[in-house]
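Scroll down for the structure; my scribbles are underneath it.
The values are calculated or read from the model by the stated rules, or taken from the named source; none is laboratory data. As the structure is a computational prediction, the values presented were derived from the model and not from experiment. For neighbour counting, all protein chains shown are included, and Cβ atoms are generated from backbone atoms with ideal geometry for every residue, glycine included. Keep in mind that these areas ignore ligands, DNA and RNA; they rest on the heavy atoms of the full protein, side chains included. Shrake-Rupley method; radii C 1.70, N 1.55, O 1.52, S 1.80 Å.
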Amino acid sequence: MKRSALPGTDLHVSEVCLGTMTWGEQNTEREAHAQLDRAVDLGINFIDTAEMYPAPPRPETQGRTETYLGNWLASRGREGLVVATKVAGPGRREWIRGGRTDLTRDVIAEACETSLARLRIDRIDLFQIHWPQRNVPIFGARQFDPGQERAGPGVDEQVEAMGALVRAGKIRHWGLSNETAWGIAAFTRTARALGVPPPVTVQNGFNLVARGAEYELAETLYRERVSLLAYSPLAGGMLTGKYLGGARPPGARFSEYTNFTARFGTPHAREAIEAHAALARERGISLAALALGYVRSRWFVAAMIVGATSVDQLEANVAAARCELDTEALDALATIFERYPVPAV
């Protein structure tokens, strides 16, 4: 599998990163370990998790995904692997640290130590801020609302916290997630001003029905030398084709959790997905191959995060991720984009 270097680091990551958020909710520990074994066989060396996982999040399961991964790493060793995890942002998950989720220096340090313990490793390769401290429209919100402003730790305190973890040898590099162009620029420039290594990645949603990263974010990625880790490249499974025509397969994510990432299931998004499915049929490829082929064609994407609930599904997704789209296919996608420019956020 193709690997790429993350700018400013010595990390070389596979173009498919193994997503883990179903482990502990839809998947047992044994199933998680089977996925990990097969992922390594398929050439994947990059694994992404979070202290909040599994998802949908619940107090009873929080931290279980890191624990499953940590048990596997302890039995196998981490040589050759790049392990990434995330500290939860403020609010949303009040049960994490008893509600202490403001991204202060102490909270970031505590989250790192807790993740290290669950992962059973002594250093995290990539430690990410899961979502911003500040007021910002994310997770389906479309408009910035100044009325939602609240006090909290600033960018400088968060940068200093990450710098302290790098100096202590607890993390190798750090990144952002669910961030805006303004946020990426603020973090990179603050880091340089403080003499701290800047963030090297941002993990944002990016797929055929949520292409916001191609706008001003792409320029920021280029000028600040930050790579995109694309999550939801299959729009939570909607771009696999299994939900076409309103289908609800038993055990599938949208069948079991109807409100989870609901933005991909709106009538407008479904109409756009049907248009992409028609193109895939015309090209003689799967809808998943069309979707992942597009994501891998973007110059700013270092890796696409692909999860699964079975080994068979993982194998199918990895095969689809190898698709290389020709100019004709990309032109056809551009035509669809003109009809459906923002079907989901």
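Estimated from the Cβ-Cβ distance and a Förster radius of 30 angstrom, the FRET efficiency linking residue 110 and residue 142 is about 0.35. Taking the accessible area of the chain, probe 1.4 Å, and keeping the other protein chains in place, the carbon and sulfur fraction comes to 49%. Angle, helix 327-339 long axis vs. longest principal axis of the chain, Cα atoms, 0 to 90°, nearest 10? Orientation of helix 327-339: about 80 degrees from the principal axis.
Once the Cα-Cα distance is subtracted from the 0.36 nm per residue extended length, the residue 222 to residue 76 segment shows a gain of 48.9 nm. Take 239-250, 34-45 and order them by the average number of nearby Cβ atoms within 10 Å per residue, most first; the result is 34-45, 239-250. Model label points for residue 324 and residue 61, set 7 angstrom from Cα along the Cα-to-Cβ axis, are 3.9 nm apart. Summarising the strand pairing of the chain, around 10 percent of its internal DSSP beta bridges are antiparallel.
Stretching residue 95 away from residue 215 to a fully extended chain increases their span by 39.6 nm, per 0.36 nm per residue minus the current alpha-carbon distance.
Dividing the summed -39500 (n - 2.57) terms of all DSSP H runs of n ≥ 4 by the residue count of the chain sets its mean residue ellipticity at 222 nm at -12000 deg cm²/dmol. Two numbers describe the Cα atoms of the chain: Rg and Dmax, which are 19.1, 54 Å. Were the residues from residue 150 through residue 41 laid out at 0.36 nm apart, the gain over their Cα-Cα distance would be 34.6 nm.
Rounded to the nearest 10 degrees, the inclination of helix 155-167 to the longest alpha-carbon principal axis of the chain is 80 degrees. Take every pair of alpha-carbon atoms less than 8 Å apart whose residues are at least six positions apart; their mean separation over the length of the chain yields a relative contact order of 17 percent. A 1.4 Å probe run over the stretch 189-345, with the rest of the protein chains in place, finds 43 Å² accessible per residue.
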